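Step one of this worksheet: look at the structure below.
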Amino acid sequence: MSTDATTPKTKKRDRIGVILYLLYVAMLIASLVLIVRLVEIQFFWHPDPKIAGALTPSNTINVIEPARGNILDAEGRLLAISCPIYQFYMDCTVLKDTNTPDQEQAWLGKAYELSRGLAAEFGDRSADQYYKLIKDSRAAGRKYVRLGRPVDRNGYNRIIELPLFREGRYRSGMIVEQEHVRQYPYGKLARRTIGFVRNNKSEVTNTHIGLEGKFDYVLHGQEGREWMRVTDYGRVRNSDSAYVKAVDGKDLRITLNIDYQDIADRALREQITEEPDLEGACLVLMEVSTGAIRAMVNLVREDGDGPFEEIQNLAIGRKGEPGSVFKTVTLMSVLNDGFIKSLDETLPATNGNVAGTSIRDPHIPDFAREHHTNRISILDGFKISSNYVFATLAIQNYGIDKSKGRGKGLEKTERFLQNIYNYKLGEAFAFDLDGLQTPTIPSPSTRYWTDTDLGSIGFGYSTEETPLHILTFYNAIANKGRMMKPYLVEDIEEHGIVTERRGPGVLNAAICSKAVADTITRALKAVTEDGTARHLKDAKCTVAGKTGTSFGTYANGQYQDAYGRRKYQGTFVGFFPAEQPQYSIICTVYSKPTSKQFQGGGIPARAIRTVIDQLYNIDPCFRGELKRHTTR
């Protein structure tokens, strides 16, 4: 009986167990199906792009441009600055689908008032034309209609207060895009040195132009990033995505003094503008004690015959035979090496032929007749810029020792060439602008060599130098033998605080002794007082310097064409005041093929005379010199 009594209960429990088991199996199967489906969706399934695009708000990445750093002159005046401009657009469909007929009519009425304001602000369309543009764009469903031209901050403030726009972007459809444009308050002054950019990007991608290009990594800053999504109210930042803030560029304080730059630019233009046979010219002013460049003018005729513009940097990018300004290099070499002790030492002044070469100086016989002598001093040879004297000095003291046989006996010659390299006239040293050319110095070890080559180097031919190299050498003489590295960037600043100080550097601590520098200065003063640079004799302070003239070669290697025309390179280089030098200066002019003469004692000396006289009136460092000069 007991067995029969428990049977229904057992059967009931069995049914419940089966049901639970079946539920478990069903849930297990459902879980497996769900897991498989999740894996499929996660890794293998892709939605229809059209449906996804319609249902998912689009996200775009927006590049946040940093504010470009400023370039300031030595006195803190802005030479290059980035200014914001604003371009207005309009979403002409705003509120179109939600407005009642009365509201729509009111909106259009405000749009007409807006059109009148836009016509007055831009002047490119009438009020009716602007209203038609807005009304037609609204009918066509256009959401991005450009209005007028970019405006500055003052224009922006006026436009956002116009009817309809003053109600805000969600009721008016106003869209404003801001960007920074580069402006140069002093126009074309020093433009090739400062450089060029547009909209915070270098104009030239493969070549750096000026300081804007060379220091773009400092001025540009770091771009930011933000993700934008489209909503019913326009594009807004997607707060679920990463946001990288832009880092504004730093400022560049440079050595140029814009007043001095203006003086130098005007002085050079005054001399060359009316000379159709000139191709270009440059003028560089450098501070003796530091190497800081206070003015750098580069003028080249646009398209060959147009006005002179700053379109090439001749001071660093054009090298040529320097002519007689290189005689100072030979003079320093023989003084340093002890081959001469005094400028009063003499050489024979008979026929002007340099022994062992084809070099002949026709001025030597004239000098001998005029001065009733058969000797010429080194000082007189320097004053009249005698090729004979300096070719002779080079050959006599550094010529090949032919007794040692062919290809030998070059020790003295190599010593002379090594002196040139020690004076940094054979290398492209580091500079704050790209494009400094490497000088050309011939060598007996790389080509057939004769004493004629050595002699021509002695008076400034067979070599190629840039004006900046020549100026750097003369600046070292003014600085008593200490050669400073020319530079343009004083420091890098952020919010007025210096973050990186650059400033002066030394190329060679002593290219000569103070005594040698003083001896050479005496010779350079003689050139301006009684030599080839007499234009500078009555300048407002004493000037020491040297003229030089050379001729460019044609395709056939000749210095003149079939018509006897030459391509002149005329240079004056020196420093002032001669007794206590504050500045060194160089001016070089380059001619087209011409029958006229363009020598260093002409246009270059006159332009420098103007610069010196005008600087003398405004630079406080000359006050003591002014008193000395006016009372002598």
Margin query: Charges on Cβ only, +1 for Lys and Arg, -1 for Asp and Glu, centred on the Cα centroid of the chain; of 585, 339, 313, which one is farthest towards the dipole's positive end?
Written below: 313
Margin query: What is the distance in Å between the Cα centroid of segment 431-499 and that of segment 502-555?
Written below: 14
Next item on the list: Taking the dipole about the Cα centre of the chain, with the C-beta of Lys and Arg at +1 and of Asp and Glu at -1, give me whichever of 545, 71, 399 is farthest to the positive side.
Entry: 71
Margin query: Just to be sure I understand the model, the point goes 7 Å from the Cα along the line to the Cβ. What's the resulting residue 613 to residue 188 distance in nm?
Written below: 2.5
Next item on the list: Determine the gain in length on full extension of the stretch residue 244-residue 289; use 0.36 nm per residue of separation and subtract their C-alpha separation, reporting nm with one decimal.
Entry: 11.7 nm
Next item on the list: Quote the FRET efficiency, to the nearest 0.05, computed for residue 434 versus residue 515 with a Förster distance R0 of 60 Å and r equal to the Cβ-Cβ distance.
Entry: 0.95
Notebook entry, point to check: If you rank 33, 354 by how much accessible surface each has, with a 1.4 Å probe, what is the order from largest down?
Noted result: 33, 354
Next item on the list: Before anything else, pin down the relative contact order of segment 99-162: Cα pairs under 8 Å, at least 6 apart, normalised by residue count, whole percent.
Entry: 32
Next item on the list: Report the paramagnetic label zone for residue 126: residues of segment 101-119 whose backbone N is under 17 Å from a point 7 Å from Cα along the Cα-to-Cβ axis.
Entry: 112-119
Next item on the list: Mind checking which of 575, 458, 123 is farthest towards the positive end of the chain's charge dipole, using Cβ charges of +1 (Lys, Arg) and -1 (Asp, Glu) about the Cα centre?
Entry: 123
Note to self: For the chain, take the longest principal axis of its alpha carbons; what is the angle in degrees between that and the long axis of helix 467-478, to the nearest 10 within 0 to 90?
What the structure shows: 60
Check: Per residue, what accessible area does the chain have, given a 1.4 Å probe and all protein chains present, in Å²?
Finding: 50
Checklist line | residue 606 - accessible surface, heavy atoms, 1.4 Å probe, Å² rounded to 10 | finding: 90
Checklist line | Between helix 2-39 and the chain: long-axis angle, C-alpha atoms, 0 to 90°, nearest 10 | finding: 30
Next item on the list: Determine the share of segment 549-594's accessible area contributed by carbon and sulfur atoms, expressed in whole percent, with a 1.4 angstrom probe.
Entry: 44
Next item on the list: May I ask for the angle, rounded to the nearest 10°, between helix 387-398 and the longest principal axis of the chain, with both axes built from Cα atoms and the value confined to 0 to 90°?
Entry: 80
Note to self: Could you tell me the calculated FRET efficiency between residue 597 and residue 501, based on Cβ-Cβ distance and R0 = 56 angstrom, to the nearest 0.05?
What the structure shows: 0.75
Next item on the list: Note down the accessible area of residue 415, probe 1.4 Å, to the nearest 10 Å².
Entry: 110
Check: Say R0 is 41 Å: what FRET efficiency, to the nearest 0.05, do residue 15 and residue 38 get from their beta-carbon distance?
Finding: 0.75
Checklist line | Burial ranking of peptide ranges 99-110, 472-483, 273-284, 425-436 (average Cβ count within 10 Å, highest at the top) | finding: 472-483, 273-284, 425-436, 99-110
Notebook entry, point to check: Spin-label point model (7 Å from Cα, Cβ direction): what's the residue 62 to residue 341 distance in nm?
Noted result: 8.2
Next item on the list: Would you mind calculating the relative contact order of the chain from Cα pairs under 8 angstrom and at least 6 residues apart, reporting the percent as a whole number?
Entry: 13
Next item on the list: Take the solvent-accessible surface of the protein heavy atoms, probe 1.4 Å, and return the percent of it on segment 6-131 that carbon and sulfur atoms account for.
Entry: 64
Next item on the list: Arrange the residues 144, 112 by how much accessible surface each exposes, largest first, with a 1.4 angstrom probe.
Entry: 144, 112
Check: So how strong a dipole does the chain carry about its Cα centre when Lys and Arg Cβ are +1 and Asp and Glu Cβ are -1, to the nearest 20 debye?
Finding: 1040
Next item on the list: Whenever you get a sec, line up 525, 546, 341 from highest to lowest accessible area (probe 1.4 Å, protein heavy atoms).
Entry: 341, 525, 546
Check: Once you put a point 7 Å from the Cα of residue 103 and another 7 Å from the Cα of residue 621, both along the Cβ direction, what distance in nm separates them?
Finding: 7.3
Next item on the list: Determine which residues of segment 127-168 fall in the zone a paramagnetic label at residue 176 would reach in this model, i.e. backbone nitrogen under 16 Å from the point 7 Å along Cα→Cβ.
Entry: 147-168
Item checked: Exposure of residue 536 as accessible area (Å², to 10), given a probe of 1.4 Å and all protein chains -> 0
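The values are calculated or read from the model by the stated rules, or taken from the named source; none is laboratory data. In this text, all values refer to a predicted model and were calculated from it rather than measured experimentally. No Cβ is skipped: glycine too gets one built from the backbone with ideal geometry, and neighbour counts run over all protein chains shown. Remember, those area values only see protein heavy atoms, side chains included, never the ligands or the DNA or RNA. Shrake-Rupley method; radii C 1.70, N 1.55, O 1.52, S 1.80 Å.
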